[in-house]
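The values are calculated or read from the model by the stated rules, or taken from the named source; none is laboratory data. Quick caveat, the model's predicted, so the values are computed rather than measured. FYI the Cβ positions are ideal-geometry reconstructions off the backbone, even for glycines, and counts take in every protein chain you see.
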Amino acid sequence: MNEQVLIHDAQAGSLDAFNALVLHYQDNVFNTALRILGDEDLAADATQEAFLSAFRSITSFRGGSFKAWLMRTVTNACYDELRRQKRRPSVPLEPETDDGEEMDSPRWLADPDMSPEQKAEADEVEHAIQHCLNNLPVEFKTVVVMADIQGMDYSEVAIAVRVPLGTIKSRLARARLRLRECLQGFSELLPATFRLEEGSSA
Amino acid sequence: MNQRDLELLSSYLDGQLSPSDSARLESRLSSDANLRAVMNDLREARSLLRRLPSRKAPRNFTLTRKMVGQNPPVPRAYPAFRFVTALAMLLLFFTFGLNFLAPQLGSQAPAYGQGGGGGNPEIFAAEAPATEAPAATEAPAAPSAELVPLPTATLSAEDSGRIAETPAEKNGLSEEPPVRDQAQGQNAAPFVPSVWQIILAGIVVIGSLLMLLMRQSAINRWRQKQ
């Protein structure tokens, strides 16, 4: 069914229409939350909270990119979660190595068609990228996740984050540079297909 | 590398520069190795992020009616029924409370007053003018009753009735003996007649049933519509 019709029906109170939108966007919303929060359970909570909040305030949607509008709600839900974490820091459930690194090996890249070796490679890359994302300031992380992982254009990201376009450009450039610097530390771990060109950084 | 160049390079990778800005930057890139190196860094990071596979949601995040607190629309008369039923319920409890408390409060009156009244406040009020005269003539008795209050717990209903009668009988003012007998404790009429209680209870029961029917019918209509 047409997205505009679904949005219109959802604004009129149809939960079924809204749920059709949920099914269409839930992977995007969940992935955004996952990359910002770096934890699957927290991301699932934030995703649910975002959809609930979106349904309650869907009458405030005045057209434009619905994806950007949804991303704003999930970003807010993630910020709320991060604030909660700041107030009540929790001990990670994953076992840690001696130097404090978590020993989790994210199996959630899981493409069923991957061979075990490919999966292991992908896990390493995923782990490295998520680690570097976690080290970014949240404003940078949000922008880079939306632009580079969700493939949103600058104007959509600006709507979702509610900052001017110039700020988006600046944050994105700096986030990419910081990620590149961080990922260089993982260059030995990264498989050949993902390996970055050594020493290119100026 | 300044911030402005960094932004230009990043925007260039995303195709966000105007043709003239792109041409100018390309010209600089061809002659500036440092700029090229930074652009490669940005391109690598961008490429890695874009190759990151998308993760499927671990479950469906569809909302239920309970989650969004969505209730079927009830008829317009529903709030009025709710108000009337709640009011009737409140009044019913009030009448029970009044009927229970009124005789107890009334039975305490002789101990602290002039000895008139008995259990029924209406009778007490009716007797007030008649007891004023003996109170004046029996001035010594009244202060003693006030200074040393009679222990009500030890008085039976009959005793209190007798005390109440004494001054009036002495002055020949016992014109309402049958009413006084009624006022003697347990056989006193309820403060609120039971017919009112029955009416109120009826309103509560009928109101509740009607509300239930209205709600059920609204839910059925709503489900059919969904």
So B:Phe81 ticks every box in (1) of a type in the set (A, V, I, L, M, F, W, C); (2) surrounded by 15 or more Cβ atoms within 10 Å (Cβ to Cβ); (3) farther than 30 Å from A:Thr142 by Cα; (4) at pLDDT 90 or above but one. Which box is left unticked? (4)
I need the helices (runs of 4 or more DSSP H) fully contained in region A:1-80, keeping only those with at least 2 residues that are hydrophobic (A, V, I, L, M, F, W, C) and within 20 Å of A:Val144 (Cα to Cα). A:15-37, A:40-56
Listing of helices (runs of 4 or more DSSP H) fully contained in region B:1-108 that carry 1 or more residues being more than 14 Å from chain A (Cβ to nearest Cβ) and under 26 Å from A:Gly166 (Cβ atoms): B:19-31
Looking at region B:58-76, I want the residues that are in contact (Cβ under 8 Å) with a residue 24 or more places away in the chain and have a partner that is surrounded by 11 or more Cβ atoms within 10 Å (Cβ to Cβ) with Cβ atoms under 6 Å, at least 6 apart or on another chain. Which pairs are those? B:Pro72/B:Ala218; B:Pro72/B:Ile219; B:Pro72/B:Trp222; B:Val74/B:Ala218; B:Pro75/B:Met214
How about region A:1-27: which of its residues are facing chain B (nearest Cβ under 8 Å) and within 24 Å of B:Arg55 (Cα to Cα)? A:Phe18, A:Asn19, A:Val22, A:Leu23, A:Gln26, A:Asp27
